[in-house]
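These notes are about the structure you will find just below.
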Amino acid sequence: MRFFLDDEQRAFARSLDGMLTAADVPGAARDWAAGEHASGLAVWRRLGEAGVFGLAAPEEYEGVGPLPVETAVAFVELGRHAVPGPAVETVAAVALLSRLAGLGVPEPPKRFLPALVGGRVSATLTLTGTRTNTGPLALDADTAGVLLAAGDGEVRLAPGQAGTRASLDPTRRLGRLLPGGELLASGEPADAAARRALDWAALATAAQCLGVGYALLDRTVAYVKGRTQFGVPVGSFQAVKHRLADVLVALEFARPLVFGAAVSLRDGNRAAARVDLAAAKVTAGDAAHHAARAALQLHGALGYTAEYDLSLWLLKARALRGAWGGAGMWRGRVVEGAGGS
């Protein structure tokens, strides 16, 4: 499948890249990991103003969507810049609430969507149950203004979280949402909204993995061009060229799968989207992991240094690969789809 962005989509990507470059996101990410959120929340508000969180919401709730392809474009850039915070979870929550609105449950969307779309607050979300079991831990619940728990035929507004635990990525803090809380929806609308949230979470995570992979490749190429050995750049060695070429091939293979999944989601083909999203999630996660391994090895001892900015992408690649369900879960969906199940 060949997929090309149009002029407007490329301009959107460039505008996000320019905005995030000027915002010193690595510094904000380090602050976020240290528990200081001011700089990260400033980036968050700018993303809201740029319309990133409105891409999953309809116009009646101050959104511009649903626009899955543009969401993928945006999250590639968020991955490139290692943006901290529950961005995937917020977009998934927006998708969930928008689906409830479409199924005749308007009160929760009216209550929460305007603030989420505008970037004034963030959301975190957990999905549990037989069909959407992605784990009970919520990301960055301590900074989120909306805490949603969906599963077993219910969508609830969680009353809080019980403690936090470390993640592989220090910019990602995980916590367990407290049980109970206000019931927002139940029955088939709740189940349908949870399925929609998982679709958008898978797409955004895959796109973020793709951006992380490209950032790692770009930084590694720049590094091996400047580092010398035996009087010549390390990047001139054939083994190094081959290693980086393998990374590029993996990323370029994953890219059309990510955008193809976005097209399937846009077109409303649920059966195709289910398989395409699973393939994109697995392939983009593997490509980012491959890029991280190559970047670490080609940077040598410097790659192991936490103070070096490369670590922000190295750790994020590993964490995102298992976020929103491990590779086994998503590979199972591909197999089910191939078998016509």
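Some points to look at:
- Residues of segment 303-321 satisfying the condition of being touching a residue at least 24 places away in the same chain (Cβ under 8 Å) and assigned to a helix (DSSP H, G or I): Leu310, Leu312, Trp313, Leu314, Leu315, Lys316, Ala317, Arg318, Ala319, Leu320, Arg321
- Put simply, of Val88, Val94, Val83, Val69 the only residue that is in a loop (DSSP other than H, G, I, E, B), under 19 Å from Trp200 (Cα atoms) and out of contact with any Gly (no Cβ under 7 Å at 6 or more places or on another chain) is Val83.
- Residue in segment 186-205 that is out of contact with any Ser or Thr (no Cβ under 9 Å at 6 or more places or on another chain), buried (at least 23 other Cβ atoms within 10 Å of the Cβ) and either farther than 26 Å from Gly118 by Cβ or among the β-branched types (Val, Ile, Thr) (or both) present: yes
- Cross-chain or 6+ apart pairs with Cβ under 6 Å, segment 271-287 first and free of Cβ contacts under 8 Å to residues at least 24 places away in the same chain, then surrounded by 24 or more Cβ atoms within 10 Å (Cβ to Cβ) and not polar (S, T, N, Q): Asp276/Ala261
- Just one of the numbered conditions (1) touching a residue at least 12 places away in the same chain (Cβ under 8 Å); (2) under 24 Å from Ala215 (Cβ atoms); (3) part of a loop (DSSP other than H, G, I, E, B) is not true of Phe4: (1).
Rundown of residues vs (1) surrounded by 22 or more Cβ atoms within 10 Å (Cβ to Cβ); (2) more than 24 Å from Gly85 (Cα to Cα); (3) among the aromatic types (Phe, Trp, Tyr), yes/no style:
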| residue | (1), (2), (3) |
| --- | --- |
| Phe259 | yes, no, yes |
| Thr283 | yes, no, no |
| Ala291 | yes, no, no |
| Ala301 | no, yes, no |
| Leu314 | yes, no, no |
| Ala319 | no, no, no |
| Trp324 | yes, no, yes |
| Val335 | no, yes, no |
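- Of all the listed residues (Arg173, Arg99, Arg111), the sole one being buried (at least 22 other Cβ atoms within 10 Å of the Cβ), among the basic types (Lys, Arg) and modelled with pLDDT of 95 or more is Arg99.
- Some residue of segment 269-277 being more than 22 Å from the chain's Cα centre (by Cα), modelled with pLDDT of 95 or more, within 30 Å of Pro109 (Cβ to Cβ) and assigned to a helix (DSSP H, G or I): no
- Verdict on Leu248 being in contact (Cβ under 8 Å) with a residue 24 or more places away in the chain and surrounded by 22 or more Cβ atoms within 10 Å (Cβ to Cβ): no
- Test result for Ala95, within 20 Å of Arg45 (Cβ to Cβ) and in contact (Cβ under 8 Å) with a residue 40 or more places away in the chain: no
- Elements of type strands (runs of 3 or more DSSP E) in segment 135-229, at least 2 residues being small (Gly, Ala, Ser): 146-151, 161-165, 182-186
- Residue in segment 242-259 that is part of a helix (DSSP H, G or I), of a type outside the set (A, V, I, L, M, F, W, C), over 27 Å from Leu96 (Cβ atoms) and at pLDDT below 95 present: no
- Residue within segment 115-126 that is touching a residue at least 60 places away in the same chain (Cβ under 8 Å), over 25 Å from Leu174 (Cβ atoms) and part of a loop (DSSP other than H, G, I, E, B) present: yes
- Filtered residue count, segment 8-39, keeping only those that are in contact (Cβ under 8 Å) with a residue 60 or more places away in the chain and part of a helix (DSSP H, G or I): 12
The values are calculated or read from the model by the stated rules, or taken from the named source; none is laboratory data. Please read these numbers as outputs of a predicted model, since none were measured by experiment. With ideal geometry, Cβ positions are generated from the backbone for all residues, glycine too; neighbour counts draw on all protein chains shown.
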